1. State whether the residues of the stretch 195-208 include one that is touching a residue at least 24 places away in the same chain (Cβ under 8 Å), outside any loop (DSSP other than H, G, I, E, B), surrounded by fewer than 20 Cβ atoms within 10 Å (Cβ to Cβ) and touching a Pro at 6+ places or on another chain (Cβ under 9 Å).
2. The conditions are (1) modelled with pLDDT of 90 or more; (2) in a loop (DSSP other than H, G, I, E, B), and Pro2 fails exactly one of them. Which is it?
3. Being over 18 Å from Gly79 (Cα atoms), of a type in the set (A, V, I, L, M) and within 14 Å of the chain's Cα centre (by Cα) is the filter here, so list the residues in the stretch 8-60 that pass it.
4. Could you run through the stretch 1-39 and say how many residues are within 13 Å of Cys52 (Cα to Cα) and of a type in the set (Gly, Ala, Ser)?
5. Which numbered condition trips up Gly149, out of (1) small (Gly, Ala, Ser); (2) at pLDDT below 95; (3) at positive phi?
6. Select from the stretch 206-227 the residues that are at pLDDT 95 or above and of a type in the set (A, V, I, L, M, F, W, C) and write down the one among them that is nearest to Gly149 (Cα to Cα).
7. Can you tell me which residue among Ala73, Ala164, Ala111, Ala97 is closer than 27 Å to Ala204 by Cβ, at pLDDT below 95 and outside any loop (DSSP other than H, G, I, E, B)?
8. Within the stretch 134-154, how many residues turn out to be assigned to a strand (DSSP E or B) and crowded, with 21+ Cβ neighbours inside 10 Å?
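The values are calculated or read from the model by the stated rules, or taken from the named source; none is laboratory data. In this text, all values refer to a predicted model and were calculated from it rather than measured experimentally. Neighbour counts are summed over all protein chains in view; Cβ atoms, including those assigned to glycine, are modelled from backbone coordinates with ideal geometry. Quick note on the areas: whole protein, heavy atoms, side chains included, nothing else; ligands and nucleic acids left out. Shrake-Rupley method; radii C 1.70, N 1.55, O 1.52, S 1.80 Å.
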Amino acid sequence: MPDIELSAAENGGVVALGGSVRGLLHRRNGEVRQDAFAYQVSGDGRWIAVVCDGVGSYGRSDEASNLVARRVAELHSGGSSLTEALTVANEELRVLAEFGTPDPDIEDRDAGRMATTVVAISVALQDGLWLGEMCWVGDSAAWHLSPEGEWSMLNDTGSGADAALHSTATSALPHADPVFKAVPLCIDGGALFVMTDGFSNPMAWSEDVQREVAARWSTPPDLFTFGAQVGFPRRGHMDDRTVVGLWPAADAAAVPV
């Protein structure tokens, strides 16, 4: 896994930027980045954007996040619904995880295990409206940045003070009986973002962070600036950072590649 992964694209009036940066804690411990992202455009012009956050206590979670992100994007762009794509990806992940089931005599049993959260959005931009759906498992988040610079979180990650109330939610994949949360999307203008909690938590917990990020992401920056901003330093936040952003191409001066 590279320390940093960046990607940019433009299609059908939408600009996409993706960035994933290895967190300070993983760097200090000599561990790989466990976040992953993927995006793709389907034949009918819908954008699918997926972000996954590998569970850090398991040694092979980077494999889990990569598999789920890429398979969900591939399957959905090929015609599967988001829940169908997540179901298939979960089953494939369960098979992969079985190959790493640790020997009970090995002391560090978690080294061979894997798990990941996932958040996915599927949208098309029609007459200034983002229309589509969103599906997620665990605490990775989706956000909307309005044209007026106001942020709103689009999903309930169950990571706040009322997390205990979400007892029926699946917190990560693979899962024997997963519960996927899904909601429709109809959003007027602005930009959409999916992100792991390494970036979402500083956003949710600080209005200062929201203001600073809004000022920088009201329009898509160039790709390398975006990558640097995804990895911004913040005291106490040392996890991997991953974000995929979707903007109307009309908001970009040029394709940022």
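1. No, there is no match, as no residue in the stretch 195-208 is touching a residue at least 24 places away in the same chain (Cβ under 8 Å), outside any loop (DSSP other than H, G, I, E, B), surrounded by fewer than 20 Cβ atoms within 10 Å (Cβ to Cβ) and touching a Pro at 6+ places or on another chain (Cβ under 9 Å).
2. Condition (1) is where Pro2 drops out.
3. Scanning the stretch 8-60 gives Ala16, Leu17, Val21, Ala36, Val51, Val55.
4. Residues that pass the stated criteria total 5.
5. (2)
6. If we take residues in the stretch 206-227 being at pLDDT 95 or above and of a type in the set (A, V, I, L, M, F, W, C), then Ala214 is nearest to Gly149 (Cα to Cα).
7. The match here is Ala164.
8. Number satisfying all stated conditions: 8.
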